[in-house]
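Values in this text are rule-based calculations from the coordinates and carry no lab data. Note that the structure is predicted; figures quoted are calculated from it, not measured. Cβ sites come from the backbone with ideal geometry, for glycine too, and all protein chains shown count toward neighbours.
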Amino acid sequence: MGELTNSFEYGLNASAKKFDGIHKYIRITDIDDSSRKFNSDSITSPDINFSSADNYELKQNDLLFARTGASVGKSYIYTESDGLVYYAGFLIRVRIKPEFDSNFVFQNTFTSSYENFIRITSQRSGQPGVNSKEYASFEISIPSLEEQQMIGSLFKQLDNLTAQNERKIDLLKQLKQAYLQKIFSQELRFAGFNDDWEERKIVDLFEERSERSPHGQMISITMGSGVVLASSLDRKDNSSFDKSNYKVVRKNDIAYNSMRMWQGASGVSPYNGIVSPAYTIITPKDNVDSGFFAIQFKMAKSLKTFQKYSQGLTSDTWNLKYPALSSIPMITPNFTEQKKINHFFGIFDDLIDKYEKKVLLLKRKKRSYLQKMFV
């Protein structure tokens, strides 16, 4: 890589301060681990005299490389749309010569050969690190400039498509959260529903399912995805050989991890199956929509209540079995409005799932192209 560059420069040795509205400061932690985009969630400015800091201002197609710590090897390519950006001291700036394509070089940092280079080169007796001389030794196979530009452009389009879909996911999640607050506070109601919501205890809404069976597909409960098939998880099967005491789960039951209910490890089951005895299964009574309550169970107010009702001396031992859960009150609209709300948020979940699958497909496609093009 050293033969492709005009310079390797270390960044500013300056602390960060509140963003001044103009001058942005990029540090290792400001580069997204996956997309390598500038993460703008918590923008800061460098605490410096800008009149003497021109050399630390990024220019179009500058590359940055993390030189130390757990994120060593992380890369970033600057684009003017990121604004006026100065780079920090634990980053190395690389300026590529005009006869080479910066984006082509940047895309090489997503390859397995680069990952292997970083893993081997960064080994130190203390903190891992790669300095500018070592980065310069990284070997890249270079086609003609025209082909570099075509390859770089292809991957840039894939990256942009991925970023666009990730932004859609973020916006949908934000919109869903806003509607959750407004609907469950009854600030916003669907047309035709005017009755006040009642406060009812969970014992009046659900009963515990106590069936046991060794037969059926294994089901797991997660914090992020709710109830899923155990076979869909990339994890070791730790279920016991003797499943005679396993609990039966049926469609529309709510299953939850009694030790993680206060963290959101619950969900309505779309499957019939069995789960570990460590889980609790509740089944809805008449005129109760499980999906509505599965949504309410995940809300911050409910999680705080579940934590309060959990039994145990420390957070590692907190446990919320059905007898304690059953006495918790929940605000409850009529059955028709429950179903309406559940359907409404189901549309959000389906859209989010659609875009998440699209992002996963784009990332797999990029990985496949990287393996076939950069050999």
task: Excluding residues fewer than 8 places away in the same chain, name every one of the aspartates and glutamates whose C-alpha is closer than 12 Å to that of LYS18.
output: ASP47
- prompt: More than 32 Å apart: what percent of Cα pairs in the chain qualify?
  reply: 52 percent
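Semi-axes, largest first, in whole Å: what does sqrt of 5 times each Cα gyration tensor eigenvalue give for the stretch 161-282? Show your work: numbers first, answer last.
Values: eigenvalues 198, 105, 24 Å².
With the √(5λ) rule applied to the stretch 161-282, the semi-axes are 31, 23, 11 Å.
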- prompt: If exposed GluC sites (Glu not before Pro) are those in a DSSP loop with at most 14 other Cβ within 10 Å, what is the longest stretch of the chain that has none?
  reply: 212-375
query: Is there a pair in LYS201/LYS308; LYS182/LYS358; LYS37/LYS97; LYS37/LYS363; LYS173/LYS354; LYS298/LYS358 whose C-alpha atoms are over 18 Å apart, and which pairs would that be?
result: LYS182/LYS358; LYS37/LYS97; LYS298/LYS358
Between helix 335-373 and the chain: long-axis angle, C-alpha atoms, 0 to 90°, nearest 10: 30 degrees
message: Run the reach check for LYS285 against aspartates and glutamates, Cα to Cα strictly under 13 Å, same-chain hits fewer than 8 apart removed. What comes back?
response: ASP204, GLU207, GLU208, ASP253
- line: Treating only Lys and Arg (+1) and Asp and Glu (-1) as charged, each at its beta carbon, one finds that the chain has a dipole about its Cα centre, in Debye to the nearest 20, of 700 debye
- prompt: So, in Å, what gap is there between the alpha-carbon centers of the stretch 117-160 and the stretch 56-111?
  reply: 10 Å
field: the stretch 275-371 - Rg and Dmax from Cα coordinates, angstrom
entry: 18.8, 56
- line: In degrees, nearest 10, the alpha-carbon axis of helix 300-309 is tilted away from the dominant principal axis of the alpha carbons of the chain by 60 degrees
query: What lysines could a cross-link reach from LYS243, if we take a straight Cα to Cα line under 27 Å and drop same-chain neighbours fewer than 8 places away?
result: LYS251, LYS321
